[in-house]
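Let me begin by presenting the structure, written as structure tokens, before commenting on it.
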Amino acid sequence: MQPPLENESIVLAFTLSGLNATMGKRFVFFSLTTFYYPLIVFCNVTIIYTVISHKKLHEPMYVFICNLCVNALFGTSGFYPKFMYDLLSQDHIISYAGCLIQIFVIYSSVLCDLSILTVMAYDRYVAICRPLEYHSIMTNQRVLEWILFCWLSPFFCMSVAIVLTSRLTLCGSSIEKLYCENWSVVKLSCFSTTVNNVIGYIVILTYFGHAVLIFCSYIHLIKKCRKSIEGRHKFMQTCVPHLLALLNVAVALLFDVLYTRYGSKNLPQDLRNFLAMEFLLIPPILNPLIYGLNLTKLRKEVIRLFFKKQVEISD
């Protein structure tokens, strides 16, 4: 039996050290966050309510957009409340269980984003390249199956990662980020983490494969759409927003993965913090704005919603 290590102990809580170098600006960050987080909630809830309340928007594309917004609310809820609390606190501590929950919520949300964007790409491929078969392929049952896939597969992947992480014996409790991240916890292990690393890379490659599938589908879409003016218009209206959303999520996640695993501590703390939380800053606000402003049918219903509210208030 291997003797216990000197530094080995039962970790009950973690210290988040990402804010230590920027505590002098914490009230500025808190003020910005108290404006920004409610704005994220407002934009996403507006899209969700608009899609749910109008039957003409009960189509696969809008249902997927609605799920994208629900997922944004789910993911940001795992970060912003705790982040705002830490900005007002001197000690940035999170319990062991709270850390694992935060990892699960944030990263299952990111994986869910990629899954939803993947099925949206398939939906656009069928709508543009096989329009006569669209309604026979994208049935209500098929849409429900895709939605379940988008939510359950990330939950399964992150559940496996959390179970493997929870079995590790840790020799430290300091995480150099603004929030808990699985690899940061795994690095604190006293012993080998080969299994965790292998599972982590399998998950990364699997969801990188999602992105490859999306780009392959868009190669077919571009070839199809460039043949007609109507096709180009449809591509610009429904596909360009999707590509922007995908690029946004993919780049943000790539920054996080590369920095977490290979990042240098010589980078300024503010830059390191931005790289770590970019996917929690930009996609949750950009996605509802991209789709809400660019998709004509959705934009009209959002405008009508607020115009109706203003009329009711004036009456």
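Max-minus-min Cα coordinates of region 127-242 on each principal axis give 62, 29, 24 Å, with the largest extent listed first.
Spin-label model, Cys129 to Ser173: label points 7 Å out along the Cα-to-beta-carbon direction sit 5.4 nm apart. Taking the charge dipole of the chain about its Cα centre, with +1 at Lys and Arg Cβ atoms and -1 at Asp and Glu Cβ atoms, the residue from Val11, Trp183, Leu57 reaching farthest to the positive side is Leu57.
Helix 269-281 and the longest principal axis of the Cα set of the chain meet at an angle near 40°. A cut-off of 5 Å between modelled amide H atoms, ignoring neighbours fewer than 5 places along the same chain, links Ala13 with Tyr96. Distances between placed amide hydrogens fall under 5 Å for His92 paired with Leu16, all partners being 5 or more residues away or on another chain.
Rounded to the nearest whole Hz, the Karplus-based 3J(HN,Hα) values (6.51 cos²θ - 1.76 cosθ + 1.60, θ = phi - 60°) of region 285-291 follow the sequence 9, 6, 4, x, 5, 4, 6, with x at glycine and proline.
For the chain, Cys43, Cys66, Cys69, Cys112, Cys129, Cys150, Cys157, Cys216, Cys225, Cys239 stand unpaired, since no other cysteine beta carbon lies under 4.7 Å from theirs. Above 24 Å, the calculated P(r) of the chain contains 58 percent of its Cα-Cα pairs.
With r as the distance between the Cβ atoms of Asn140 and Tyr201 and R0 = 41 Å, compute the FRET efficiency 1/(1 + (r/R0)^6) and round to 0.05. It comes to 0.65. Can you flag which of Lys56/Lys300; Lys224/Lys300; Lys224/Lys297; Lys56/Lys224; Lys55/Lys297 are past 20 Å Cα-Cα? As for pairs spanning more than 20 Å Cα to Cα, those are Lys224/Lys300; Lys224/Lys297; Lys56/Lys224. Structural descriptor for the chain: relative contact order 27 percent, calculated from alpha carbon pairs under 8 angstrom and at least 6 residues apart.
When each of the peptides 139-148, 278-287, 183-192 is scored by how many other beta carbons lie within 10 Å of its residues on average, the order from highest to lowest is 278-287, 183-192, 139-148.
None of the figures in this text is laboratory data; all of them are computed from the coordinates on show. All figures in this text were calculated on a predicted structure; none of them were measured in a lab. No Cβ is skipped: glycine too gets one built from the backbone with ideal geometry, and neighbour counts run over all protein chains shown.
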